[in-house]
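> Take a look at the following structure, please.
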Amino acid sequence: MRLVYERLCQHLESLKLETALTHLDPVLEVATREQQAPVEVLERLLQIEVQTRFERRLKTNFMLSGLPMKKRLEEFDFEAQIQVPKATIQEFATLRFLNQGENVILIGPCGVGKTHLSVGLAMRALDEGFRVIFTTLHQLVAKVEQAQLSHKLDRLLSNYLRADLMILDEVGFLPLKSAEANFVFELVNARYQRHKSMIVTSNKTFSQWEELFPDKMLAVALLDRLLHHGHALHIRGESYRLKHRREAGLVPNPTALDT
Ligand code: ADP
Ligand code: MG
């Protein structure tokens, strides 16, 4: 009997089922005490291993995602921001768009919650075990410049393609140079062809996107890919923080400040 037990431990070890190995004794004790069927014992032991691995993967995915903050959709005050349709966000939160390879594009002025909503959706995707990558356009441009110097643009691109969901935040804060614009187009195009979702946020309306690109046709082609299977949400409200400060009487003239 002891020999069988030792061999089992060795098997678990050589298969790298470390968590199952750690939990073997308590699982066997419960099994004996409760006279469990062999199938139940095996299921319990492997379930512990699978669960632990999943949780580990979630942690790693979160660390690799580059999310700038840990904001949940539950923390989003829909009553304060009536321009954001709760039902639409709840529908996005089911992650059907992600399974279908569709995009979400959030357009609106500063402070209305675009990044919060993107991060909230990203956290939902992470909870389900998806790989997520978050970057602002500004960060992406810096990486493109670096990668150009070291001739590693291909590697950078494949890194952005690997994630199941990519968030490209703050499109529109700066106009792009030719090489950067080409990279962004290539990225959007490659994700489009692979049916991999993106969430894009911008403070510029689509007609203004042309000004961000050195070549108007590139902007048109990029928007074409992005919107083909895309849900665009225009948020026209005022900045959440400004609104609160105004309500607290700290900002006397909203129209002068809320630009
Ligand atoms: P944007 O990306 O549109 O500029 P953010 O998502 O960065 O705006 O929002 C600015 C700050 O205000 C963040 O801390 C965000 O969590 C908060 N915020 C914005 N809108 C809401 C809201 N409706 N409910 C709760 N917090 C909000
Ligand atoms: Mg933002």
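Read-outs: derived from the displayed coordinates by stated rules, not from any lab. Keep in mind that this is a model prediction, so the values were computed, not measured. Counting neighbours? That spans all protein chains shown, and the Cβs are built from the backbone with ideal geometry, glycine included.
> At what distance in nm do the modelled label points of residue 13 and residue 189 sit from each other, each positioned 7 Å from its Cα along Cα→Cβ?
Computed distance between label sites residue 13 and residue 189 equals 5.5 nm.
> Based on other C-beta atoms within 10 Å, arrange 48, 105 from fewest to most.
48, 105
> Additional query: Output the Cα-based Rg and Dmax of segment 16-165 in Å, rounding Rg to one decimal and Dmax to a whole number.
Reported Rg and Dmax, both Å: 21.2, 66.
> Work out from phi, with θ = phi - 60° and the Karplus expression 6.51 cos²θ - 1.76 cosθ + 1.60, the ³J(HN,Hα) of each residue of segment 15-27, listed in order in whole Hz, and give x for Gly and Pro.
Couplings: 8, 6, 8, 5, 5, 4, 4, 4, 8, 4, 4, x, 5 Hz.
> I've got another one for you. How charged is the neighbourhood of residue 190? Take every other residue with its Cβ under 12 Å from the Cβ of residue 190, and add Lys/Arg as +1 and Asp/Glu as -1.
Net charge in that neighbourhood comes out at +3.
> Estimate the FRET efficiency between residue 94 and residue 150 by the formula 1/(1 + (r/R0)^6), using the beta-carbon distance for r and 45 Å for R0, to the nearest 0.05.
0.65
> May I ask you to evaluate 6.51 cos²θ - 1.76 cosθ + 1.60, the Karplus curve with θ = phi - 60°, for each residue of segment 85-102 and list the ³J(HN,Hα) values in order in whole Hz, giving x for glycine and proline?
Going residue by residue, I get x, 4, 4, 5, 5, 5, 5, 4, 5, 6, 6, 4, 4, 6, 5, 8, x, 9 Hz, with x marking Gly and Pro.
> Another one. Please give the charge dipole size of the chain, origin at the Cα centre, charges +1 on K and R Cβ atoms and -1 on D and E Cβ atoms. Round to the nearest 20 debye.
Dipole about the Cα centre, nearest 20: 360 debye.
> OK, next. Distance check, please: which entries in 177/204; 114/177; 86/114; 143/204; 177/216; 86/204 exceed 20 angstrom between their Cα atoms?
Too far apart for the 20 Å limit: 114/177; 143/204; 86/204.
> So for segment 104-181, averaging the separation of alpha carbon pairs under 8 Å that are six or more residues apart and normalising by length, what relative contact order in percent results?
37
> Need one word for segment 111-183: rounded, prolate or oblate. Basis is the Cα gyration tensor (sqrt eigenvalues a ≥ b ≥ c); a/c below 1.5 gives rounded, then a/b vs b/c decides.
Oblate, since a/c reaches 1.5 and b/c is not below a/b.
> Run through segment 92-195 and list the trypsin sites (Lys or Arg not before Pro) located in a DSSP loop whose Cβ has at most 15 other Cβ atoms within 10 Å.
In loop regions of segment 92-195 (DSSP not H, G, I, E or B), the sparsely surrounded trypsin sites (Lys or Arg not before Pro) are 152, 177, 194.
> Sticking with this one: So what are the ³J(HN,Hα) numbers for segment 41-52, from phi and the Karplus equation (6.51, -1.76, 1.60; θ = phi - 60°), rounded to whole Hz, Gly and Pro as x?
5, 4, 4, 4, 5, 6, 4, 4, 4, 4, 4, 5
> What do you get for the angle between helix 114-127 and the principal long axis of the chain? Use alpha-carbon atoms, 0 to 90 degrees, nearest ten.
20
> Can you give the charge dipole size of segment 1-65 about its Cα centre, rounded to the nearest 20 debye, using +1 on the beta carbon of Lys and Arg and -1 on the beta carbon of Asp and Glu?
260
> Here's a follow-up. For residue 232, enumerate residues with amide H under 5 Å from its amide H, sequence gap 5+ or separate chain, H modeled in the peptide plane.
105
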